[in-house]
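**Student:** The structure under discussion is supplied below as structure tokens; questions concerning it will follow.
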């Protein structure tokens, strides 16, 4: 049975962006030895012709980074919930080599999981030229739209910057725990509503073909508060005639949620630089971006690479996560062995 929470939590994952911006402990620069190890590992894999998705951590040795990754995993689960790696030499690598670097690094942190109905394990995040709403399966990461704060799938995501756009595309991260705390302070009744079921558009990504998922936005389970949210998909689910209309209290809860996330000082804002990799917990951190514009030259278009990962120190997952497209594979990997 789900634990219903009506009071704020004292949790290291509860933080404000204005205070976090005064700190630098969430930025983890690579030193020369680490960069050298990355370059050697990428070169060896590229020369060996190993299939990208067959690469294991043994194929991609990073001997000086074991403690670095352990520290990062501790921050992602049990800490603030996000971390930034800085300094990958992406400009010296081809697109194929950058894919090897992101995948190889991911094998040291956890197990990659599928990000769509096809089970794709590594996504290119860039503008396809299509607009959200023109196709029932188009997802925001395939556009240049601003993306409202949301969560992805797997315990964490890794988003590596290969190239920036000409303008815009500023990254936003927000503590979902702090947002809940603020809602609980102001309207504990609406904090309860956010722990009740909402219908969410699956955007054609569920393997079973179901058009929607029905689950709470916030779930308290095993002593942990977790969020699963794609706000636009709650609203786009309303296009289906058989989906119940949002109630007045659901509208109020969503409006208060959005209001809190937009208040000054709540979000941490920054620009991902080429060679940066943002890691964040999908359980405690929401992320988004501002709209961006690309340069005329396709070779200079904004390009990010994204992994979803199951991590070894991940939290217990609530049973209803087993039937979500975001967490089904992670649930099987960790909760069911």
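Computed from the coordinates by the stated procedures, all read-outs in this text should not be read as laboratory data. Every value quoted in this text rests on a predicted model; they were computed, and no experiment measured them. Cβ coordinates were reconstructed from backbone atoms using ideal geometry, including for glycine residues, and neighbour counts include every protein chain displayed.
**Student:** When you look at residue 253, is it touching a residue at least 24 places away in the same chain (Cβ under 8 Å), closer than 17 Å to residue 204 by Cα and surrounded by 13 or more Cβ atoms within 10 Å (Cβ to Cβ), yes or no?
**Tutor:** Judged against the criteria, residue 253 is not a match.
**Student:** Conditions: (1) crowded, with 17+ Cβ neighbours inside 10 Å; (2) under 23 Å from residue 3 (Cβ atoms); (3) touching a residue at least 40 places away in the same chain (Cβ under 8 Å). Residue 200 meets all but one. Number of the miss?
**Tutor:** Every condition holds for residue 200 apart from (3).
**Student:** Could you run through segment 6-42 and say how many residues are under 24 Å from the mean Cα position of the chain (by Cα) and in a loop (DSSP other than H, G, I, E, B)?
**Tutor:** Result for segment 6-42: 16.
**Student:** Within the bounds of segment 64-79, is there any residue that is closer than 26 Å to residue 265 by Cα and more than 22 Å from the chain's Cα centre (by Cα)?
**Tutor:** No, segment 64-79 contains no residue that is closer than 26 Å to residue 265 by Cα and more than 22 Å from the chain's Cα centre (by Cα).
**Student:** Mind listing just one residue for me: the one in segment 43-55 that is outside any helix (DSSP H, G or I) and loosely packed, with under 10 Cβ neighbours inside 10 Å and, of those, nearest to the chain's Cα centre (by Cα)?
**Tutor:** By that ranking, first place goes to 51.
**Student:** Now for a different question. Among what's in segment 286-311 and is in a loop (DSSP other than H, G, I, E, B) and under 17 Å from the mean Cα position of the chain (by Cα), pick the residue that is surrounded by the most Cβ atoms within 10 Å (Cβ to Cβ).
**Tutor:** 311
**Student:** Next question. Of 260, 162, 243, which residue is surrounded by 14 or more Cβ atoms within 10 Å (Cβ to Cβ), within 23 Å of residue 9 (Cβ to Cβ) and touching a helix residue (DSSP H, G or I) at 6+ places or on another chain (Cβ under 9 Å)?
**Tutor:** Being surrounded by 14 or more Cβ atoms within 10 Å (Cβ to Cβ), within 23 Å of residue 9 (Cβ to Cβ) and touching a helix residue (DSSP H, G or I) at 6+ places or on another chain (Cβ under 9 Å) holds for just one of 260, 162, 243, which is 260.
**Student:** Another question, if that's okay. All but one of (1) surrounded by 15 or more Cβ atoms within 10 Å (Cβ to Cβ); (2) touching a residue at least 60 places away in the same chain (Cβ under 8 Å) hold for residue 30; state the number of the condition that does not hold.
**Tutor:** In the conditions (1) surrounded by 15 or more Cβ atoms within 10 Å (Cβ to Cβ); (2) touching a residue at least 60 places away in the same chain (Cβ under 8 Å), residue 30 misses (2) alone.
**Student:** Here's something else I'd like to know. Mind counting the residues in segment 218-230 that are crowded, with 20+ Cβ neighbours inside 10 Å and either within 12 Å of residue 202 (Cα to Cα) or free of Cβ contacts under 8 Å to residues at least 40 places away in the same chain (or both)?
**Tutor:** Total meeting the criteria: 2.
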